[in-house]
Amino acid sequence: MYKTPCSRLTGVWKCLPHGLVGVNVQQKLIANASRSHMSARSLIQLCRKNQAEWFTFQHLCFLKRQYVKSSGGLCQRARPKQEPVASALDDRDDSVVRQVQKIPALKPEPGIVEPPCDSKNIQVEPEATKAARLEARQWKELRVEYNDLPGIYARLSKIKLTALVVTTAAAGYAMAPVPFDLVTFLMASVGTGLSSCTANSINQYFEVPFDSNMNRTKNRPLVRGQISPLHAVSFALACGIPGVTLLTLGVNPLTGFLGALNIFLYTCCYTPLKRLSITNTWVGAVVGAIPPVMGWTAATGSLDLGALLLGGFLFSWQFPHFNALSWNLREDYSRGGYRMMSVTHPGLCKRVALRHSVGLIGLSALGPVLDVTTWTFPLVSLPINLYISFLAFRFYRHGDRQNARKLFFCSLWHLPMLLLLALTCKKSRVSQDEAAVAPSTPSLPL
């Protein structure tokens, strides 16, 4: 094997092997160069005039592959780096000088057996398999069966969050000092659940471009294209209109107003604020505090201090819960463009979580003061409130993922335990009113 050195004419005469370049072009170039002492620019112009007779680079590579395949005993080997060869064409010379350098053959190292290159052993991918693989990479709209719609609707409405909302509303209804009415309780629970489905669906409709950038939300139905945006909005309306109507006509207008207000705050205030300011966390805490108030108003028909106390429990609980959750999702929120305290104000995020965790102790002490619970409630709830405050303090001191995860998981069982203890220590106003009326009735003379 021989190699001819490259000339200085960039793009024209680069390492052209003898025998592969058109003979007519070579003869014309050499004859014209030796006869009329043409410059490099003249050679370039001459080559451009005969482009039709050139071999393209793709054709040259094709011929090389065909030569390798047709030679049974030929194997491609790594070639060592050679020293630079002198220029083949010098502007100062009158003739074209060709220097040929022989490449020494590679000697195989002893003890290493090279496998023979056999083209028969190469597995060729079938055309059907290749076509299927390329088709799988192409974008196509997902077709959803009717059997998949319940699962899609559950993810669209954030069924776990909706279940938590209904649970807190049921706790507010149960804490109200009135006799328990099963029909009103069911209508209030169903209406609250439908309102929550509406708010969550509209929230996902607005956040499709941003959810696609986050690992936590990139598999939502609207992001994956399982349903159309019009389908999602139709589902939201199908849940919201009956839900608010049921709360207004089936329960009472005050509860229906709170349900509509909650939908408005979540979709029109909290959702856009997530990309504008960290105040979205406080607005979201107000949204989460309204469901137990709705449960209280569904039972009593009025907005009392007890309803505000239950809303205060949910308002304060959401800060250690959500701040600990968002701390481990800072990269995701930053990628999605959301302005969360954990992303823009990490120090404030830890302080707010600690502040509201300690505030739960004070709110528990207000229960007997407002005649909502007995005096045993602050005592029995003190251990769990101290524990979540301790974890919030550790999160405040260290600010690492491990302590944030411990605080988050503690908040998951802290809220149901706190509401259960409050329900156990509930003070009934009906019995107090009957006891107050009984002595005022005149006794019959014997």
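The values are calculated or read from the model by the stated rules, or taken from the named source; none is laboratory data. Please read these numbers as outputs of a predicted model, since none were measured by experiment. FYI the Cβ positions are ideal-geometry reconstructions off the backbone, even for glycines, and counts take in every protein chain you see. In case anyone asks, the SASA skips ligands and DNA or RNA and just uses the protein heavy atoms, side chains included. Shrake-Rupley method; radii C 1.70, N 1.55, O 1.52, S 1.80 Å.
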Discussion item. Step by step: first the residues of the range 204-247, then only those that are open to solvent by 50 Å² or more (accessible area, probe 1.4 Å) and among the polar types (S, T, N, Q), then the one that is farthest from Leu273 (Cα to Cα). Which residue is that?
Written reply: Thr245
Worksheet item: Are there any pairs with C-beta distances below 7 angstrom linking a residue in the range 281-297 that is over 20 Å from Val251 (Cα atoms) to a residue that is buried (at least 23 other Cβ atoms within 10 Å of the Cβ) and of a type in the set (Asp, Glu), with the two at least 6 apart or on different chains, and if so which?
Response: none
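Pick from Leu261, Leu254, Leu276: which is over 23 Å from the mean Cα position of the chain (by Cα) and over 12 Å from Ser196 (Cα atoms)? Quick ask: steps written out before the conclusion?
Numbers: Leu261 fails: over 12 Å from Ser196 (Cα atoms); Leu276 fails: over 23 Å from the mean Cα position of the chain (by Cα).
Selected residue: Leu254, the only one of Leu261, Leu254, Leu276 that is over 23 Å from the mean Cα position of the chain (by Cα) and over 12 Å from Ser196 (Cα atoms).
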Item to complete: Looking for whichever is closer than 29 Å to Ala188 by Cα and among the small types (Gly, Ala, Ser) here; the options are Ala392, Ala299, Ala404, Ala324. Which one fits?
Response: Ala299
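Being more than 17 Å from Tyr173 (Cβ to Cβ) and touching a Lys or Arg at 6+ places or on another chain (Cβ under 7 Å) is the requirement here; does Arg335 meet it?
Details: more than 17 Å from Tyr173 (Cβ to Cβ): yes; touching a Lys or Arg at 6+ places or on another chain (Cβ under 7 Å): no.
When the stated conditions are applied, Arg335 does not pass them.
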Worksheet item: Counting only residues that are open to solvent by less than 100 Å² (accessible area, probe 1.4 Å), assigned to a loop (DSSP other than H, G, I, E, B) and either at pLDDT below 85 or farther than 19 Å from Cys239 by Cα (or both), how many does the range 140-163 have?
Response: 2
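For residues in the range 320-373 being β-branched (Val, Ile, Thr) and part of a helix (DSSP H, G or I), which is surrounded by the fewest Cβ atoms within 10 Å (Cβ to Cβ)?
Val369
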Worksheet item: Looking at this structure, is Thr279 open to solvent by 30 Å² or more (accessible area, probe 1.4 Å) and among the polar types (S, T, N, Q)?
Response: yes
Practice prompt. Would you check if Tyr266 is under 16 Å from Thr192 (Cα atoms) and of a type in the set (Phe, Trp, Tyr)?
Written response: yes
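Quick check on Met187: is it in contact with a strand residue (DSSP E or B) (Cβ under 8 Å, 6 or more places away or on another chain), buried (at least 18 other Cβ atoms within 10 Å of the Cβ) and hydrophobic (A, V, I, L, M, F, W, C)? Working first, answer last.
Values: in contact with a strand residue (DSSP E or B) (Cβ under 8 Å, 6 or more places away or on another chain): no; buried (at least 18 other Cβ atoms within 10 Å of the Cβ): yes; hydrophobic (A, V, I, L, M, F, W, C): yes.
No.
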Practice prompt. Give the number of residues within the range 304-340 that are modelled with pLDDT under 90 and of a type in the set (A, V, I, L, M).
Written response: 2
Worksheet item: Is at least one residue of the range 396-405 of a type in the set (Lys, Arg), touching a Leu at 6+ places or on another chain (Cβ under 8 Å) and over 23 Å from Ala169 (Cα atoms)?
Response: no
